[in-house]
Amino acid sequence: MAGMILAGDIGGTKTHLGLFRAVGRELQTIREHLYQTAAFQSLEQACAAFLLPEDRIDAACFGVPGPVIDGVSHATNVSWSMAQDSIQRALGGPPTHLMNDLEATAYGVPYLSESEVAILQRGEARAGRANIAVIAAGTGLGEAALIVTPSRYFAVASEGGHSDFAPRGDEQRRLLEFLAREFDHVSFERVLSGPGLHNIYRFVVSRSPGAEPEWLSIRMRTEDPSAVISESALAGQDPRCGQALEIFTAIYGAEAANLALKYLAIGGVYICGGIAPKILPLLQGGGLIEAFLDKGRLRTMLERISIRVSLNPSAALIGAAWAAVAMLEK
């Protein structure tokens with residue numbers, strides 16, 4: 001089996017496209033490019049800018065943010081209208097597939113090398129394959145799973161990030177009450193994402209009134225608030241930023257465990273997305289693991305599950321490429 005693969009990881013801010021050559025069970029990178037999504041009117045236009053006249057595509061696959069139903073993307077933070085049929089025609093007719101971005105990330109997880117992951121909990125070594133859970137906080141909250149089949153892993157997408165936020169302890173219950181006054185529905189994404197970290201910080205400030213340091217106010221107005229909060233917390237520059245990030249980390253651990261329980265993911269949990277590598281020192285501090293294991297009678301089972309942080313920002317692109325390879329095999 002050989003062929004030319006076009007893969008993409010489409011986001012609200014960035015669009016990552018890659019051209020690959022599939023040779024046997026190897027995937028050779030020909031070239032990649034990271035575009036500003038807002039620079040194009042459509043995915044077809046972005047692909048046209050990326051591809052050269054001599055490129056001939058045998059299969060294409062794109063991970064997109066949001067559900068894909070009947071070949072049509074219902075992206076939550078991309079204004080493009082994306083449909084498989086239209087993209088397939090624009091590419092000259094090769095098999096083309098749209099999938100949820102966390103579905104694509106899940107397909108990429110088995111191809112991460114040891115140097116591309118950080119181990120938070122080693123868990124129990126396993127001889128065979130087992131279900132794997134994948135969770136990723138970034139602009140939003142994505143959740144997916146790899147399910148074992150007789151021949152391969154099959155990725156299952158979800159919109160679990162929009163399920164009801166389940167608080168743990170009095171502080172998180174007060175957080176839920178705080179957010180319920182502002183949002184009709186308080187999902188996990190409202191607290192477990194970049195904007196979610198900012199929501200938690202606003203709650204912390206409401207509980208401990210006092211003037212915000214001027215340097216912090218300036219940075220919050222001129223930069224991405226969630227990045228400012230996490231950087232200030234890790235540097236020990238502001239106690240309320242530190243408290244917000246600790247709450248965020250605990251919620252991350254609890255929801256990762258929820259996902260592991262739902263899919264019986266004894267093959268491991270992978271924490272992906274853009275936030276985790278940036279706050280890795282705090283994730284390694286024990287708060288996430290403590291919340292992950294705090295599931296009563298299931299604690300012993302959860303102790304057997306490995307937890308790894310993906311350090312490779314191209315996991316979704318790689319996963320989309322391998323999904324396209326599977327299309328060639330069919």
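The values are calculated or read from the model by the stated rules, or taken from the named source; none is laboratory data. Worth saying up front: this structure is predicted, and the values here are computed from it rather than measured. When we count neighbours, we look across all protein chains shown, and the Cβ atoms used for this are built from the backbone with ideal geometry, even at glycine. Heads up: the accessible areas ignore ligands, DNA and RNA and are worked out on the full protein's heavy atoms, side chains in. Shrake-Rupley method; radii C 1.70, N 1.55, O 1.52, S 1.80 Å.
With respect to residue 312, is the statement that it is within 23 Å of residue 145 (Cβ to Cβ), open to solvent by 10 Å² or more (accessible area, probe 1.4 Å) and in a loop (DSSP other than H, G, I, E, B) true? Answer is yes for this residue.
Can you tell me which of 242, 253, 274, 267 is of a type outside the set (Lys, Arg) and modelled with pLDDT under 95? Spell out how you get there, then give the answer.
Details: 242 fails: modelled with pLDDT under 95; 253 fails: modelled with pLDDT under 95; 267 fails: modelled with pLDDT under 95.
The conditions single out 274.
Can residue 22 be described as under 29 Å from residue 158 (Cβ atoms), of a type in the set (A, V, I, L, M), at pLDDT below 95 and in a loop (DSSP other than H, G, I, E, B)? No, not satisfied. Name the one entry in 320, 326 that is out of contact with any Pro (no Cβ under 9 Å at 6 or more places or on another chain), open to solvent by less than 10 Å² (accessible area, probe 1.4 Å) and under 26 Å from residue 62 (Cα atoms). Sole residue among the options that is out of contact with any Pro (no Cβ under 9 Å at 6 or more places or on another chain), open to solvent by less than 10 Å² (accessible area, probe 1.4 Å) and under 26 Å from residue 62 (Cα atoms): 320.
Candidates in region 126-174 are the residues that are under 26 Å from residue 12 (Cα atoms) and part of a helix (DSSP H, G or I); of these, the one that is least open to solvent (accessible area, probe 1.4 Å) is 161.
Just checking, which of 8, 12, 66 is touching a Ser or Thr at 6+ places or on another chain (Cβ under 8 Å), modelled with pLDDT of 95 or more, surrounded by 12 or more Cβ atoms within 10 Å (Cβ to Cβ) and not charged (D, E, K, R)? Give the derivation first.
Values: 12 fails: modelled with pLDDT of 95 or more; 66 fails: modelled with pLDDT of 95 or more.
Going through 8, 12, 66 in turn, just one is touching a Ser or Thr at 6+ places or on another chain (Cβ under 8 Å), modelled with pLDDT of 95 or more, surrounded by 12 or more Cβ atoms within 10 Å (Cβ to Cβ) and not charged (D, E, K, R): 8.
Name the residues in region 63-116 that are under 22 Å from residue 330 (Cα atoms), in contact (Cβ under 8 Å) with a residue 24 or more places away in the chain and in a loop (DSSP other than H, G, I, E, B), would you? Once the filter is applied, which keeps residues that are under 22 Å from residue 330 (Cα atoms), in contact (Cβ under 8 Å) with a residue 24 or more places away in the chain and in a loop (DSSP other than H, G, I, E, B), region 63-116 yields 71, 91, 92, 94, 95.
Just checking, does region 175-194 include any residue being touching a Ser or Thr at 6+ places or on another chain (Cβ under 7 Å) and open to solvent by 20 Å² or more (accessible area, probe 1.4 Å)? Yes - at least one qualifying residue is present in region 175-194. When you look at residue 270, is it in a helix (DSSP H, G or I), within 26 Å of residue 14 (Cβ to Cβ) and touching a residue at least 40 places away in the same chain (Cβ under 8 Å), yes or no? In short, no. Among the numbered conditions (1) more than 26 Å from residue 23 (Cα to Cα); (2) surrounded by fewer than 17 Cβ atoms within 10 Å (Cβ to Cβ), the only one that residue 53 does not meet is (1).
Does residue 258 qualify as being open to solvent by 10 Å² or more (accessible area, probe 1.4 Å) and under 19 Å from residue 109 (Cα atoms)? It would help to see each step written out before you state the result.
Numbers: open to solvent by 10 Å² or more (accessible area, probe 1.4 Å): yes; under 19 Å from residue 109 (Cα atoms): no.
Here the answer is no, as residue 258 does not meet what is asked.
Residue 34 meets the conditions (1) modelled with pLDDT under 95; (2) open to solvent by 80 Å² or more (accessible area, probe 1.4 Å) in every case but one. The failed one is (1).
Condition check ((1) under 15 Å from residue 307 (Cβ atoms); (2) open to solvent by 40 Å² or more (accessible area, probe 1.4 Å); (3) out of contact with any Leu (no Cβ under 7 Å at 6 or more places or on another chain)) across all residues:
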site: 77; (1), (2), (3): no, yes, yes
site: 83; (1), (2), (3): no, no, yes
site: 87; (1), (2), (3): no, no, no
site: 95; (1), (2), (3): no, yes, yes
site: 113; (1), (2), (3): no, yes, yes
site: 117; (1), (2), (3): yes, no, no
